[in-house]
Amino acid sequence: MWQRQMGGRVYTEMDFDQEETKAKLLGFPGGSIDLSKQESGIAVLKINNPSHMNAFTGTMMVQLEEKVSLLEEWADGKGLILQGAAGTFCSGLDLNAFKQLSKPQDGMEMCMFMQNVLTRLLRLPLISVALVEGRALGGGAELTTACDFRLMAPGSVIQFVHKHMGVVPGWGGAARLVYLVGSQNCLKLLCSASKVDPELGLHIRLADGALKDPLVEEGVGTVRQQAEKWLSHYTKGPPAVIQAIKKVTLSGRELPLTEALRTEREVFGTVWGGPSNLQALTSKSKHK
Ligand SMILES: CC[C@H](C(=O)O)C(=O)SCCNC(=O)CCNC(=O)[C@H](O)C(C)(C)COP(=O)(O)OP(=O)(O)OC[C@H]1O[C@@H](n2cnc3c(N)ncnc32)[C@H](O)[C@@H]1OP(=O)(O)O
């Protein structure tokens, strides 16, 4: 159950032919998703298509799936920052691809593919942060909700513009948004397609932090440095323990209580009597 719920995807081969969808998506090229893993255990995933405000092409969807697979296997990983290239987050689906995927069946297959990938992204045993600079529009706004936390840079905007496009979120963004801000705020954001700036983001709890402007406040570091510092408060310690914390949090969030409790026991068993636990006991640590 744990493997199926936590590691698994939403849709299986019974629902759609993932390989056929991948092949179709690769027909919409442009941009890339770049992964860099740091020794600190923090990785950065970069959405890279700056000439189109980091719009998401089919190739980028396939590359995101590949990079998520690599991160699932990263034993030393603790944290992840999702960032757009060139000072902006992501302007959503590449509208050129949209023109060619406009049949409902094509749209649903793309949604199934993206829901699988973004669910796996959210379920990574890493503490993940979307670093929002510039704009996160449409599918880009949905992407921000596939991370554990959102940090907003000065002047940044998250906007669920779907209504203006005559659609609703399809990459799982509505389901995750309800979880984050509640159904009342979700309805308001989707029905108004209004802009969420850092102040509003903090108010409705879509954002977990507002970053400082390095051009205005001296010595605060770039927004990326600020995000790394923010994340480092939550990733101090050995990877096995940080990953275990993410797993018990996810199981509490996703599973019925009895299953969540069983999962918690299993995860507990992976750290109890482990090196960090024994070291803490022998050093008689005090929590003053
Ligand atoms: C589930 C997916 C979801 C849905 O189905 O609803 C979507 O994500 S749909 C896409 C939602 N996003 C948009 O509609 C974005 C539309 N674009 C804009 O609003 C503006 O381009 C903006 C605000 C992102 C940037 O405006 P600015 O004036 O700063 O720059 P430009 O408009 O000149 O943009 C530069 C360059 O980028 C191209 N661009 C921007 N976004 C997209 C996109 N989503 N797809 C394809 N191309 C995009 C824009 O056309 C310009 O290209 P150029 O060749 O220079 O004209």
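The values are calculated or read from the model by the stated rules, or taken from the named source; none is laboratory data. What you are looking at is a predicted structure, and each value in this text was computed from that prediction instead of being measured. Reconstructed Cβ throughout: ideal geometry from the backbone, glycine too, with neighbour counts over all protein chains shown. Accessible surface is based on the protein model in full, side chains and every heavy atom, while ligands, DNA and RNA are left aside. Shrake-Rupley method; radii C 1.70, N 1.55, O 1.52, S 1.80 Å.
The table that follows gives values for the structure above.
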| quantity | calculated |
| --- | --- |
| DSSP-loop chymotrypsin sites (Phe, Trp or Tyr not before Pro) across segment 213-284, with at most 13 other Cβ within 10 angstrom | W272 |
| Value at 222 nm in deg cm²/dmol, rounded to 500, when DSSP H runs of n ≥ 4 in the chain each add -39,500 (n - 2.57) | -14000 deg cm²/dmol |
| Average accessible area per residue (Å²) across the chain - probe 1.4 Å, nucleic acids and ligands excluded | 51 Å² |
| Angle in degrees between helix 257-271 and the longest Cα principal axis of the chain, rounded to the nearest 10 | 60 degrees |
| Sum of side-chain charges, I42 neighbourhood, beta-carbon under 12 Å (Lys, Arg +1; Asp, Glu -1) | +2 |
| Principal axis dimensions, segment 199-251 - Cα atoms, whole angstrom, descending | 40, 27, 11 |
| Ranked packing of 41-50, 54-63, 80-89, 275-284, most packed first, by mean Cβ within 10 Å | 54-63, 80-89, 41-50, 275-284 |
| Largest-first ordering by accessible area, 1.4 Å probe, given options F98, F160 | F98, F160 |
| Distance cut-off 31 Å, percentage of C-alpha pairs in the chain lying past it | 29 percent |
| Ranked by how many other beta carbons lie within 10 Å on average, peptides 102-111, 252-261, 138-147 from highest | 138-147, 102-111, 252-261 |
| Carbon and sulfur %, accessible surface of the chain computed with the full protein complex present, 1.4 Å | 57 percent |
| Cα-based reach from K247 at 25 Å (exclusive), listing lysines while leaving out same-chain residues under 8 positions away | K37, K46, K67, K78, K229, K236 |
| Convex hull volume of segment 25-89 per residue (C-alpha atoms, cubic angstrom) | 66 Å³ |
| Beta bridges by DSSP in the chain, antiparallel share as percent, to the nearest 5 | 25 percent |
| Shape of segment 240-287, Cα gyration tensor, a/c cut at 1.5 | prolate |
